[in-house]
Amino acid sequence: MAIEDDVLVIGGGLAGATAALAAADQGGRVRLVSAKQSTLRHASGLIDVLGYTPSGEGPLSDPFAAIPDLPRGHPYERVGPDAVHEALDFFDAIAGDAYAGAGTESNALVMTFGGTVKPTARYPTATAAGLASDDRDALLVGFETLPDFDAPLSAAHLESAGVPFAVRGVTVRFPGLARDDAKLTRYAHLLDRDERVSAAGGSGAREALAATVEPHVAGASRVGFPAVLGDERADEVRADLADRLGAEVFEVPMGPPSLPGVRLEELLYDALSDAGVRVTTGVPVVDYEPDAEGAGRIDRVVVDRNGTDVPHRADQYVLATGGLVGKGVRSDRERVFEPIFDCHVPHPADRYDWFVDDAFGDQPYAKFGLPVDRDLRPLDATGDPEFANLRAAGAIVGGYDFAAEKSGAGVSLATGSVAGRGAGAEVNDR
Amino acid sequence: MARDTEVLVLGGGSTGCGIARDLAMRGLEVTLVERGTLTDGTTGRMHGLLHSGGRYAVSDQASATECIEENEILREIAGHCVEMTGGLFVQRPEDPDDYFREKLAGCEACGIPARVLSGAQAREIEPYLAADVKRAIEVPDGAVDPFRLCVANAIDAESHGARIETRAEVIDLLRDGDDIYGVEVRHGSGPGTRTSEATGTTEEITAEYVVNATGAWAGRIGAMADLEIEVRPSKGVMTIMNVRQVDTVINRCRPKGDADIVVPHETTAILGTTDEEVSDPDDYPEEQWEVDQMIDTLSELVPILAEARTIRSFWGVRPLYEPPGTGTTDPTDITRDFFLLDHADRDGVSGMSSIVGGKFTTYRAMAEEISDHVCEALGVSTSCTTADEPLPGSENLAVLERGMDDFGLRSPIARRSTQRLGSRSREVLETDEPNPVVCECEGVTRAEIQDAVSQTGADLNAVRIRTRASMGNCQGGFCCGPMANELHPTSDEETVHDALDELFQERWKGQRHALWGEQLSQAMLTYALHATTMNRDRDPANATAEIDFGAFDDGRAESNRIDPAGRTP
């Protein structure tokens, strides 16, 4: 017999988790299944809404002013500007103290680990003191064993971007690391647990790190580190370091594996648990069966649990399996496709038309995904809904380039909450 | 009249570098100029096959004999650049028996060790061979790293006093009547300390003798002095797989055809190739059907290739040449032998020879013959020692076998590093400084990157070919930033930025031919990482308009910020 729910969300990233939470808000029985770890650990943990228009205008200080002008088919155009506001409110309620930026409609400019700045709407509290739109002088600290972040180089690059503050960088040795290629979590755990890092009666990791950095502070009001400052006790680590350094302490968001991304994932899964959403991870959805009545509905999906097919039946489905990175959209030499329901993915027939020659040019592949109606139902090639009870959310929705626009998290939140709310409401209307 | 140098070698490919090393070891004063980085032309665009000679054992037995001789020499003098994988000439049911027999007899005639394997025996060696493969001939083919080998020649030439000048494009040949006496070069564009002269400046370099070793570009050079050199550039595509589907070189045993070889190369396998004449070695079409043909045809031999992941494709141009009047129409029929064109004999213009044709495996023998010729022209009587003197890195290969943990690295990384560096491992890796891994895919550490930077300056593509960093599955997505970071502070911020962009675009260029399936997913991840997380696509430092920082949220409105004791945010 199939596992029965009201709403089944497929995909465990930001969009899927938001959809499940929004559906659960409507009171139904909600389940979330995901194939593997979400791509959040690749992401910076920042909540971008819209940093640049599709034509490249920006950085936008007010993302909401630009949303009404977005082209037809853009996910924000589909759900409407109000839904974007509501989605951010929804996120702010979930994130609570862990995120900042809710106090203003304006984007912030955040320093990135490549030494640039980028516009974002919400940022982890750990990053809050590191805004490039803040004019206090800053010191950036890199670690010899983390080749991803070169603090002096980032500082030089920030200055060439014209930031309104003085910034210096210094590279130091992270105290207490025995290996040159320790995992990022090792840094975080050393600080979390304040492990003793030198012989007999020596100091803890936080004191040792602060002592290493302190001589370089020289009047800077804030000190930025790569995002490895603790995991479970990140706030405590940061406050402790700030006390010892006499300056505010912040994290510069990093690339994969990204601790801020992982922390966001933990925050979402705690919220799912609190909301009573049933969560099964590590199980890919591999197939579906249509309703026998032939009413254009999905009857059930088939989940692969360690090689065994397990049917899951729900009244409403939300597809949030991600884009090309999350493998919600796949391709071979001949075509681009959506692997579970084979929903229509518009794309040029010739794969040499999927890209342009400039790596950062207007890349067609970056917009691959499902066209949707205003209820976020995927549409077939003739513009009709693929299924009456399927909605899509997040990077699987096509028609926008989240990387160029800096809109990925915002679209996931907006489409996730609209799809989840719609699915939950439809269950109630039944 | 005094000359700047005795011999001026044009072209920094395997032939040019081989000649420079040979002549420098004979005590001559040598200068080599190369338009791009070393290996930029044909050498850096081959599939990495160290020929046993088996490939030419039917059609061109002189070449085949020379291949097996050089194959054995390179194993001795360049062991750290060579992996003796062995090779198989595989016969499918539809491939002719006659040719199989001719191949076997040809190998015997040319002194190439060969033995026949049944289909079952061949599949024991390579389990992914097609089930209906009939039989195979086993030969001592190998894989060679053309970058490492070419660079080792250049380094050794330098250590014997040669001047190696990259990013120096020949813009004119200096000719006085019937004598060529040098070139004019333009020092080149690009970031960093990789030029010894200021970018954009020109320099006249005079020489007793000029060797034109520019391969497919030899005609271009000749035209600068009104000499006609009829090279016939022929393009070929190579497709790189993300893993080694085979550990042995797999050749198709049939008379000729495109897409008939798979070469295991480091962590990858390279599929090759096509053979099609082009008119311009710098500008020719790179087409989708060529990539598809590689996969479709070679999956007849190794079926899993049809579903496997490719990480990029690239094209190279052969410097084919045939003496005037032969009239061959199909480039696959043109001999792979090389030709020394002495322009004094041929055109009545003294002071220069051109070298055309040939192939990578026999680069050393070519260099020897040309160097002999140059020495004769200059009245120098020293003899060639390049067949006996190991290249830098191969002096004492026992270091490869010793203690993988010697350098405090994880053992797979130490193994890869010591394989790349050979006998230079200790010198490069022994450091008191932290030595983290910079490129995870290829296991390249900071010390190795820094060693390459010390040779090349701020040219990340030159660092890449020396270390393999950014050549793995992620194609630089994760590591090109950290590679660029290693240039700082020796190079300034702007130079680092330019070098990073150049490497990033170069890595993208080859991936465009692999953009489906896993690699399209990888490309999107790379794009997202660089554009979303770092905002490198809209980098404010590149913007023309200044940002109004004051218009953005400065975070001061927040009440939930951490407030260190006694401080107000």
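What the table shows:
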| item | result |
| --- | --- |
| Interface area, B with A, accessible, probe 1.4 Å, both sides summed, Å² nearest 100 | 7000 |
| Over region B:440-524, volume per residue of the alpha carbon convex hull, in Å³ | 76 |
| Listed residues B:PHE100, B:TYR128, B:ALA114: farthest to the positive end of the dipole of region B:83-191 (Cβ charges) | B:TYR128 |
| Between helix A:259-274 and chain A: long-axis angle, C-alpha atoms, 0 to 90°, nearest 10 | 50 |
| Dimensionless Rg/Rh of chain A - Kirkwood Rh, Rg from C-alpha atoms | 1.00 |
| Enclosed volume per residue, in Å³, of the convex hull spanned by Cα atoms of region A:1-141 | 152 |
| Acute angle (nearest 10 degrees) that the helix A:234-245 long axis makes with the longest principal axis of chain A, alpha-carbon atoms | 20 |
| Region A:62-162: trypsin sites (Lys or Arg not before Pro) in DSSP coil with no more than 13 other Cβ atoms inside 10 Å | A:ARG72 |
| Full-extension gain in nm, B:ALA131 to B:ASP179, via 0.36 nm per residue minus C-alpha separation | 11.0 nm |
| Farthest positive-ward along region A:22-140 dipole, Cα basis, beta-carbon charges - from A:ALA129, A:SER34, A:LEU50 | A:SER34 |
| Most fluctuating residue given options A:GLY399, A:GLY27, A:GLY224, as computed from a GNM of chain A linking Cα atoms under 10 Å | A:GLY27 |
| Fraction in percent of alpha-carbon pairs per bin - 10 Å, region B:241-398 | 8, 26, 29, 23, 11, 2 |
| Alpha-carbon Rg/Rh ratio, for region B:328-481, with Rh computed the Kirkwood way | 1.12 |
| Placed amide H near B:VAL444: partners under 5 Å, 5+ positions off or other chain | B:VAL438, B:CYS439 |
| Chain A, relative contact order in percent, only Cα pairs under 8 angstrom and at least six apart counted | 26 |
| Distance from region B:271-320 to region A:213-246 (C-alpha centre basis), Å | 53 |
| Residue mean of other protein chain beta carbons inside 10 Å, A:151-162 | 5 |
| Probe 1.4 Å, protein heavy atoms only - accessible area per residue of the protein assembly as shown in square angstrom | 36 |
| Efficiency of FRET from Cβ geometry, B:ASP97 and B:LYS256, R₀ 22 Å, rounded to 0.05 | 0.85 |
| Environment charge at A:ARG29 (Cβ cut-off 10 Å; Lys +1, Arg +1, Asp -1, Glu -1) | -2 |
| Cα extents of region B:36-102 along the three principal axes, largest first (Å) | 44, 26, 23 |
| 18 Å cut-off, amide nitrogen to a point 7 angstrom out along A:ASP274 Cα→Cβ, residues in region A:224-238 | A:232-235 |
| Kirkwood Rh (inverse of mean 1/r, distinct Cα pairs), the protein assembly as shown, angstrom | 30.8 |
| Whole-number D in µm²/s for region A:214-321 (Stokes-Einstein; Kirkwood sum over Cα pairs; 10 °C, 1.306 mPa s) | 87 |
| Chain A: angle of helix A:151-160 to the longest principal axis, Cα-based, in degrees nearest 10 | 80 |
| Chain A: most fluctuating residue of A:GLY51, A:GLY28, A:GLY219 per GNM, C-alpha cutoff 10 Å | A:GLY219 |
| Extreme residue, positive dipole direction of the protein assembly as shown, given options B:MET534, B:ALA207, A:THR280 (C-beta unit charges) | A:THR280 |
| Average projected area [Cα convex hull, region A:260-363], square nanometres | 10.0 |
| Amide H contacts of B:SER350 (H built 1.01 Å from N, under 5 Å, at least 5 apart or other chain) | B:ASP179, B:ILE180 |
| Summed residue charge, Cβ within 15 Å of A:ARG72's Cβ, Lys/Arg positive, Asp/Glu negative | 0 |
| Cα-derived Rg over Rh, computed across region B:1-135 with Rh taken as Kirkwood radius | 1.12 |
| Lysines whose Cα lies under 17 Å from that of B:LYS103, excluding same-chain neighbours fewer than 8 positions away | B:LYS134, B:LYS256 |
| Sites B:ARG115 and B:ASP330, calculated FRET efficiency, Cβ-Cβ separation with R0 30 Å, nearest 0.05 | 0.40 |
| Three-way shape label, region A:367-430, alpha-carbon gyration tensor, a/c 1.5 | oblate |
| Relative contact order (%) - region B:321-382, alpha-carbon pairs under 8 angstrom, separation at least six | 25 |
| Given charges at beta-carbon only (K, R positive; D, E negative), |dipole| of region B:172-286 in Debye | 820 |
| Region B:114-155, dipole about Cα centre (Lys/Arg Cβ +1, Asp/Glu Cβ -1), debye to the nearest 20 | 100 |
| Residue range of chain A that is longest and free of GluC sites (Glu not before Pro) which are both DSSP loop and sparsely packed (at most 11 other C-beta within 10 Å) | A:58-292 |
| Net dipole in debye of region B:427-535 [+1 Lys, Arg Cβ; -1 Asp, Glu Cβ; about Cα centre; nearest 20] | 640 |
| Range in chain B, longest, excluding exposed GluC sites (Glu not before Pro) [loop by DSSP; at most 14 other beta-carbon atoms within 10 Å] | B:95-227 |
| Region B:214-314 - Rg and Dmax from Cα coordinates, angstrom | 16.2, 52 |
| Intensity falloff of chain B expressed as log10 I(q)/I(0), Debye formula with alpha-carbon point scatterers, at q = 0.10, 0.11 Å⁻¹ | -0.87, -1.05 |
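The values are calculated or read from the model by the stated rules, or taken from the named source; none is laboratory data. Values in this document were obtained by computation on a predicted structure and should not be read as measured data. Glycine also receives a Cβ, built like all others from the backbone with ideal geometry; neighbour counts cover every protein chain displayed. Accessible surface areas use protein heavy atoms only, side chains included; no ligands, DNA or RNA. Shrake-Rupley method; radii C 1.70, N 1.55, O 1.52, S 1.80 Å.
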